[in-house]
2 protein chains.
Amino acid sequence: MDIPKENFSEWYNSVIKDAELCDLRYNLKGFVVIMPNAADVISRMYRLYEDALERRGHRKSYFPALISEKNLEAEKDHVEGFAPEVFWVTRAGKNELEEKMIMRPTSETAMYPMYSLWINGKTDLPLRLYQSGPVWRYETKATKPFIRGREFYWIEAHDVFATEEDALAQVREDMETTEEMIHQSFGIPFIFFRRPQWDKFAGSVNTYAADTLLPDGRALQLPSTHMLGNNFAKVFDVKYMDDEGKEEFCWQTCYGPSISRIFAALVSTHGDSRGMVLPFHLANLQVVIVPILKKGNEEKVLSHARGLEEALSQVFRTALDSGDDTPGFKFNKWELRGAAVRVEVGERDIESGKAVVVRRDTGEKAGVPFDELARRIVAIGEEMNISLRKRADAWFSGMGKEADTLEELRKAIENGGGFVKVPFCTDSREGEPCAEKVKEACAANIRGSKYGKEEIPEGKKCIACGKEARIYQYASRQY
Amino acid sequence: MDIPKENFSEWYNSVIKDAELCDLRYNLKGFVVIMPNAADVISRMYRLYEDALERRGHRKSYFPALISEKNLEAEKDHVEGFAPEVFWVTRAGKNELEEKMIMRPTSETAMYPMYSLWINGKTDLPLRLYQSGPVWRYETKATKPFIRGREFYWIEAHDVFATEEDALAQVREDMETTEEMIHQSFGIPFIFFRRPQWDKFAGSVNTYAADTLLPDGRALQLPSTHMLGNNFAKVFDVKYMDDEGKEEFCWQTCYGPSISRIFAALVSTHGDSRGMVLPFHLANLQVVIVPILKKGNEEKVLSHARGLEEALSQVFRTALDSGDDTPGFKFNKWELRGAAVRVEVGERDIESGKAVVVRRDTGEKAGVPFDELARRIVAIGEEMNISLRKRADAWFSGMGKEADTLEELRKAIENGGGFVKVPFCTDSREGEPCAEKVKEACAANIRGSKYGKEEIPEGKKCIACGKEARIYQYASRQY
């Protein structure tokens with residue numbers, strides 16, 4: 001990756017600004033405006049992600065953005081976790097509201113009382129719904145565009161099952177969806193962790209989450225899945241009648257990919273020193289045509305370029321940049337914005353019957369006969385997607401490290417960051433003081449143990465307390 | 001239309017409930033849960049509408065859901081119109097906020113301060129952005145699902161131009177978009193009105209709106225377009241530098257199709273006494289396969305039906321209803337939910353090599369050879385779309401009436417409603433008392449004059465004040 005690691009933050013902020021992805025000047029703290037160059041990609045990501053959920057049997061729904069105070073307060077751990085960060089609606093028009101409402105920070109307490117009304121027998125299960133849209137959290141930490149804000153765009157899927165096994169199978173399926181979308185489709189590598197008990201979703205039994213690394217070696221949480229057990233079912237009375245006519249509490253999971261944040265990971269993972277690089281199927285412009293004009297040949301070249309634009313528009317998101325800027329200026333502009341393929345066409349190209357085709361990620365140039373352009377660009381698109389993912393994978397796997405002592409961990413973290421595998425006493429609540437110690441000594445957070453692949457240390461001591469290590473955990477700096 | 005007009009409201013409420021379109025039991029007044037059977041259609045309508053806007057040069061954006069008090073208050077008429085119906089966020093976590101915020105009821109005051117930052121020269125114009133999502137208004141009128149609520153889903157497009165002519169051309173283009181989507185694609189007839197001055201959008205110069213009629217003869221406003229002149233531009237400093245280097249205020253328009261409400265019109269316009277009927281391209285299920293089982297042939301028939309399901313799923317949104325209910329029960333269930341085409345297959349059908357195909361809107365049945373099914377269903381889909389639109393058009397044009405006196409108007413309104421053309425003194429502010437008089441005497445509202453087709457009465461008197469009539473207006477009961 002040719003984004004300098006030390007300057008990642010600077011690079012990120014300048015791409016956000018120069019590629020016109022979002023504007024931070026909105027006059028409410030923590031809120032930003034997502035501009036078209038980002039919104040188009042985010043919209044495309046939404047469609048793909050929604051399709052992936054629907055293929056797996058989820059259906060769309062729209063629940064209200066507001067939730068009554070009463071609902072929020074029903075689940076003890078949940079309200080404790082979320083109360084500090086909710087926005088309160090207390091007035092409407094000139095009326096003080098008798099019942100205050102919150103803006104949803106997440107929708108368990110909006111949805112599950114309805115689930116209780118909808119589910120009677122086993123034939124109503126599984127119930128698997130999702131909704132897409134913004135949620136609001138009163139963040140007090142420093143905000144960063146697309147990564148952490150007081151408003152973000154996500155999908156939340158809330159699923160209900162008759163048995164614990166079915167719910168756990170859903171966690172596995174969510175991981176498959178994550179692999180399909182985040183890794184295969186968007187080309188972003190990640191590790192799927194089970195979070196330690198002190199770091200789980202408020203009200204859940206277990207939290208599982210896909211963490212990627214940004215170029216500075218710090219972890220960024222992407223989708224998370226929560227096994228809710230029947231914690232919420234008991235509070236909101238989500239029950240079904242079993243075969244013997246006995247009422248049983250349902251088992252629930254929820255899954256939450258933040259599209260805003262995945263977009264941040266997308267930009268960061270694939271970008272380079274020239275700006276945005278996007279997988280071909282996500283790019284706003286898959287093809288940008290730049291005519292190379294010289295005095296006297298403008299009409300001839302432009303007319304040819306317009307013909308190309310018309311033909312390629314049938315197949316790709318295409319634009320012809322016929323503006324007055326120099327070709328060099330245009331090259332830079334469209335590289336910055338992540339146009340996937342550039343087609344240059346000048347008088348000599350017309351004579352030779354070939355256009356110059358330049359691929360955004362590698363900068364590779366090739367002369368391609370005009371009538372083969374579409375076919376060749378399809379192939380380039382496929383190659384680009386695979387190559388971006390492979391490049392990201394290679395970098396990511398090189399960021400895996402190990403440490404047995406706090407000193408080793410501190411050095412690993414300081415030396416480029418990444419995920420450092422460390423022996424740990426326990427990931428139950430009792431382990432939290434050890435995690436605190438790791439944080440103080442190494443500025444690193446315990447992100448969890450690898451999901452689906454139990455890693456048990458043999459003969460090792462906990463990196464923090466020195467007691468027998470029963471589990472490997474992964475530590476990293478984090479966003 | 002075979003929805004009894006007197007019972008329209010009852011019919012509507014029962015379809016909403018029985019077809020599981022939305023649930024009114026959410027525990028906040030005026031807020032409802034949109035269930036999957038409606039959400040899927042709404043999502044499809046969103047995609048089509050967004051594509052239509054993008055084809056015309058609009059780009060997507062996401063502006064915050066919250067707006068500062070200061071912004072809301074900047075435009076005098078606007079704040080006067082909206083202040084009574086906004087939800088106020090006054091607290092976050094445990095903190096009373098120093099600056100209160102409102103939940104957007106519409107986004108002029110969120111977007112235009114940013115437009116002011118983005119627009120410098122003529123090359124930045126036109127600027128045409130839209131966003132999709134919910135808005136919130138503290139409705140005090142009676143709410144009705146999808147028609148009027150405290151939360152609804154819409155698209156809002158906000159456009160900026162250098163000249164008044166360009167802005168007025170945009171109003172015409174918005175009308176074309178409305179025609180393409182609402183009428184051609186969704187099959188809903190409407191009249192495009194210019195609203196009288198006393199009934200325009202708060203802060204606008206003129207409001208234009210597409211009104212349809214529900215089966216009870218009452219008008220329902222669908223998309224509206226507002227010519228904002230430079231009212232907001234002056235307040236939010238939206239300016240550009242002209243060719244002489246002089247700063248000029250921009251001209252603005254905004255366009256707002258409420259997808260929730262268009263969905264209500266869709267259900268009401270095409271439905272019948274059996275339930276939902278939807279245009280083929282919008283139906284959740286385009287094909288439902290119902291196997292006709294008899295003791296002993298279950299496996300044979302089901303296996304054949306599964307083969308059909310697999311083949312038809314390649315082309316249509318298809319389901320096989322292999323449940324235990326009787327065929328008659330299944331027929332009713334899928335008719336209620338608006339499955340577009342039913343394919344029945346039993347042992348005799350297999351032997352004869354044909355399935356029974358039933359079209360939802362007309363109930364027409366036909367025997368279709370298995371290998372011609374896909375082709376035939378494509379044709380049925382196309383026929384259905386055209387036929388639904390034509391049926392709606394025929395009914396709608398029969399609802400046009402005229403009246404010269406309050407007495408005639410009152411009778412026309414009582415006798416089935418519809419749009420009644422009446423001679424009127426003026427649609428400037430001075431006409432408002434006459435509109436009040438019409439409302440009191442006839443329970444009818446003055447909706448406006450036909451857009452794009454000046455209709456001037458000759459030698460007629462205003463229906464309310466008896467002075468010379470200068471303009472034809474249309475009156476109707478309304479939602």
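So what is the relative contact order of the range A:400-476, in percent, for Cα pairs below 8 Å that sit 6 or more residues apart?
39 percent
Among all the aspartates and glutamates, which ones have a C-alpha under 17 Å from residue A:453's C-alpha, if same-chain residues fewer than 8 places away are not counted?
Once the sequence-local aspartates and glutamates are set aside, what remains near residue A:453 is A:173, A:174, A:176, A:179, A:211, A:402, A:427.
Around residue A:454, what is the net charge, scoring Lys/Arg as +1 and Asp/Glu as -1 over all other residues with Cβ under 12 Å from its Cβ?
+2
Quick one: order A:132, B:204 by neighbouring beta-carbon count within 10 Å, fewest to most.
A:132, B:204
Local charge sum around residue A:87 (other residues, Cβ-Cβ under 9 Å, Lys/Arg +1, Asp/Glu -1)?
The answer is +2.
Please compute, for peptide B:19-32, the average count of beta-carbon atoms on other protein chains lying within 10 Å of each residue's beta-carbon.
Mean partner shielding for this stretch: 4.
For the range A:271-287, take each phi angle, set θ = phi - 60°, evaluate the Karplus expression 6.51 cos²θ - 1.76 cosθ + 1.60, and give the result in whole Hz per residue in order, putting x for glycine and proline.
x, 9, 5, 8, x, 6, 10, 10, x, 3, 6, 9, 4, 4, 10, 7, 9
Arrange the peptides A:435-446, B:396-407 so that the one whose residues have, on average, the most other Cβ atoms within 10 Å appears first.
So the peptides A:435-446, B:396-407, ranked by packing, come out A:435-446, B:396-407.
So if we plug the beta-carbon distance of residue A:440 and residue B:243 into 1/(1 + (r/R0)^6) with R0 = 45 Å, what FRET efficiency do we get, rounded to 0.05?
0.10
Measure out, as a whole number of angstrom, how far apart the alpha-carbon centroids of the range A:459-479 and the range B:268-285 sit.
Centre-to-centre distance over Cα atoms comes out at 60 Å.
How far, in nm to one decimal, is residue B:93 from itself in the other copies if the label point is set 7 angstrom along Cα toward Cβ? Shortest first, please.
For residue B:93, the inter-copy label distances come out at 3.4 nm.
To one decimal in nm, how far is residue A:400 from the same spot in the other copies, if labels go 7 Å from Cα toward Cβ? Please give the shortest first.
Ordered by distance, the counterparts are at 7.3 nm.
How big is the shadow of the Cα convex hull of the range B:77-200, averaged over all directions, in nm²?
11.0 nm²
Using only Cα atoms and rounding to the nearest 10 degrees, what angle (0 to 90) does helix A:327-336 make with the longest principal axis of chain A?
The helix A:327-336 is inclined about 10 degrees to chain A.
What is the order of A:243, A:23, fewest Cβ neighbours within 10 Å to most?
Placing the least packed residue first, the sequence is A:243, A:23.
Roughly what angle does helix B:259-270 make with the longest principal axis of chain B, taking Cα atoms, 0 to 90 degrees, to the nearest 10?
With rounding to tens, the tilt is 50 degrees.
Give me the inter-chain shielding for A:126-139: mean count of other chain Cβ atoms within 10 Å, whole number please.
Going residue by residue through A:126-139 and averaging, the value is 3.
Express in whole angstrom the spacing between the alpha-carbon centres of the range B:45-93 and the range A:303-322.
Cα centroid to Cα centroid, the span is 35 Å.
Looking only at other chains, what is the average number of their beta-carbon atoms within 10 angstrom of each beta-carbon in B:81-93?
Shielding by partners across B:81-93 averages 6.
Trypsin sites (Lys or Arg not before Pro) within the range A:140-227: which are DSSP loop residues with at most 11 other Cβ atoms inside 10 Å?
Filter output for the range A:140-227: A:141.
Among B:284, A:169, A:22, pick out the residue whose Cα is farthest towards the positive end of the charge dipole of the protein assembly as shown, where Lys and Arg carry +1 and Asp and Glu carry -1 on C-beta, about the Cα centre.
Checked the options; the winner is A:22.
How large is the dipole of the protein assembly as shown about the Cα centre if only Lys and Arg carry +1 and Asp and Glu carry -1, each at its Cβ, rounded to the nearest 20 debye?
The dipole of the protein assembly as shown has a size of about 280 debye.
For a 18 Å ceiling on Cα separation, which of these pairs sit above it: B:330/B:390; A:294/A:330; B:29/B:94; A:76/A:200; A:100/B:29; A:70/A:141?
Exceeds cut-off: B:330/B:390; B:29/B:94; A:70/A:141.
If neighbour count is taken as other Cβ atoms inside 10 Å, put A:111, A:45, A:101 in order from fewest to most.
Least crowded to most crowded, the residues run A:45, A:101, A:111.
Near residue B:295, which aspartates and glutamates are there with a Cα under 12 Å away, not counting those fewer than 8 places off in the same chain?
Here the aspartates and glutamates satisfying the reach criterion relative to residue B:295 are B:347.
Enumerate the amide H contacts of residue B:101 below 5 Å, restricted to partners 5 or more residues apart or on another chain; note that Pro and chain-start residues carry no placed amide H.
HN-HN under 5 Å from residue B:101: B:89.
For the Cα atoms of chain A, what angle does the longest principal axis make with the long axis of helix A:164-178, in degrees from 0 to 90, nearest 10?
That helix lies at roughly 20 degrees to the long axis.
Tell me which residues come under 5 Å, amide H to amide H, from residue A:280 once H is placed; ignore anything under 5 positions away on its chain.
Sorted by chain and number, the residues that satisfy this are A:385.
Where the only charges are on Cβ atoms (+1 Lys, Arg; -1 Asp, Glu), what is the dipole of chain A about its Cα centre, to the nearest 20 debye?
Roughly 1040 debye for chain A.
What does the copy distance list look like for residue A:433, label position 7 Å along Cα→Cβ, in nm and ordered from shortest?
8.4
Tell me what chain A gives for mean residue ellipticity at 222 nm when only DSSP H runs of n ≥ 4 count, each as -39,500 (n - 2.57), the sum divided by the residue total, rounded to 500 deg cm²/dmol.
Rounded to the nearest 500, it is -10500 deg cm²/dmol.
Each reported figure results from applying straightforward, stated rules to the coordinates on display, with no laboratory input. As the structure is a computational prediction, the values presented were derived from the model and not from experiment. When we count neighbours, we look across all protein chains shown, and the Cβ atoms used for this are built from the backbone with ideal geometry, even at glycine.
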